[in-house]
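Below you'll find the structure, written out as structure tokens, and then a few comments.
What follows is calculated from the coordinates using simple rules that are stated; it is not laboratory data. All of these numbers come straight from a predicted model, not from anything done at the bench. Note that each Cβ is placed from the backbone with ideal geometry, even for glycine, and that neighbours are counted across all protein chains shown.
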Amino acid sequence: MTEPSSLTIALLQRVREAMAQAGGWLPFDRFMAMALYEPGLGYYANQTPKFGHLPTGVDGQGSDFVTAPELTPLFGQTLAAQVAQALSATDTDEVWEFGAGTGALALQVLDALAAQGHMPRRYTIVDLSGSLRERQQATLAAYAGVVQWADALPEHFEGVVLGNEVLDAMPVQLLARVGGAWFERGVALDAAGELAWSDRSTALRPPVEVEGEHDYLTEIHPQAEAFVKTLADRLQRGAAFLLDYGFPEAEYYHPQRHMGTLICHRGHRTDHHPLTDPGLKDITAHVNFTGVALAAQDAGMQVLGYTSQARFLFNCGLLELAQNANVRDNAMMQKLVNEHEMGELFKVLALAPAASATGWEPLGFAHGDRTHRL
């Protein structure tokens, strides 16, 4: 444990209060929600730097990680081709983006749509982070008449939905098989009053049986699944494109993946200690795309496609755009598509309500669709 900051001390006090009210134990998803989103203190709710190329230094400047839009504008420009097709095919004129980060993706998409003559009537960003909203507003000042912000989805809406690295930031529950018995892993206080892991017996199980008798730690994703169910309930017409790192169910719960996927990001380094320095680092888990797709289908949506990020971007014309790009952007493009970088680990899942699911094939899945592997 590093020397706690004033922010961490304040957040830990909130966690201890919540723990006391809950009888001395918090399920991990409750702790993760507080560590990331507690008003003013959680990682995504405070003013610490997050997105960028350079790690955070002793002066507090820098960042913790970089996402695809920060690597190169080719990412958003390529995605815009899919957005333009989806807007036309579903006869909608709005774009909705969840968790817009710095606003870089929105800027790239809007610039490209404007150049193509497909400017949407409105571009709405749904983001819980007030500090990030200020940065987004500055980034998107040129589109002040088009971009608006919302704290939550309306009861009913239409349009094309974008979510880049949104699902991985949704709190997960931890399940641990120890000595052949399943437990839910949560957080309690040890004898010294510090945060510590604490397991409780549970009837919860992974969605598929994990072969073997060895100890096994993994995650389940009720909040991500609830999110797509809400999306299905409220999106009347349009399509949704969710880009994130993860696997289909058979890979996610493979017997050899016995340590789970939970990971923390800080200063462009990773660690596996989410209980240390809460509020000062990102906590994330890979996405079970099968679970997300099934939740969407159960709620009435249809899967339009599922493939790797590399294949999706190639299908949408990345290589053609790269021909006119500078040397730096072409170098960064390699990170988007190389198998050992983001190209294979990141996937794209497309969903649509039944009214918008027929009569067209999304560009991004024209070749290499893996829906059959979900």
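Points worth noting:
- The mean sequence distance of close C-alpha pairs (under 8 Å, at least 6 residues apart), as a share of the length of the stretch 54-199, puts its relative contact order at 21 percent.
- Under 22 Å of direct C-alpha separation, and excluding same-chain neighbours fewer than eight residues apart, Lys50 reaches these lysines: Lys281, Lys335.
- Two-decimal Rg to Rh for the stretch 104-149 - Kirkwood Rh, Cα set: 0.96
- Taking a sphere under 10 Å around the Cβ of Phe65 and counting the other residues whose Cβ falls inside, with K and R at +1 and D and E at -1, yields a net charge of 0.
- Residue with peak Gaussian network fluctuation, the chain [Cα springs, cutoff 10 Å], from Thr307, Thr92, Thr290: Thr92
- Taking the C-alpha atoms only, the angle from helix 104-116 to the longest principal axis of the chain is near 10 degrees.
- Alpha-carbon gyration tensor eigenvalues x 5, square-rooted, for the stretch 219-374, Å: 26, 24, 14
- Nearest 10 degrees, 0 to 90: helix 130-139 Cα axis against the chain principal axis: 20 degrees
- Choice from Pro39, Pro120, Pro207 with maximal GNM fluctuation in the chain (Cα, 10 Å cutoff): Pro207
- Size of the chain: Rg and Dmax of its alpha carbons, in Å, are 20.6, 64.
- Whole-Å distance, taken between Cα centres, linking the stretch 237-265 and the stretch 342-373: 16 Å
- Using a Gaussian network model of the chain in which every pair of alpha carbons under 10 angstrom is joined by a spring, one finds that among Gly103, Gly42, Gly212 the greatest mean-square fluctuation is at Gly212.
- As a length-normalised measure over Cα pairs under 8 Å and 6 or more apart, the relative contact order of the stretch 67-122 settles at 46 percent.
- Peptides 221-229, 257-265, 104-112 ordered by average Cβ neighbours within 10 Å, highest first: 104-112, 221-229, 257-265
- Net +/- balance of residues flanking Glu94 in space, Cβ distance below 14 Å, scoring K and R +1, D and E -1: 0
- DSSP bridge analysis restricted to the chain gives an antiparallel fraction near 60%, rounded to the nearest 5.
- Coordinate range of the alpha-carbon atoms in the stretch 51-188 per principal axis, descending: 60, 42, 26 Å.
- Sorted largest first, the spans of the alpha carbon positions of the stretch 215-311 along the three principal axes are 43, 31, 28 Å.
- Value of relative contact order over the chain, rounded to a whole percent, pairs C-alpha under 8 Å and six or more apart: 20 percent
- Nearest 10 degrees, 0 to 90: helix 28-37 Cα axis against the chain principal axis: 60 degrees
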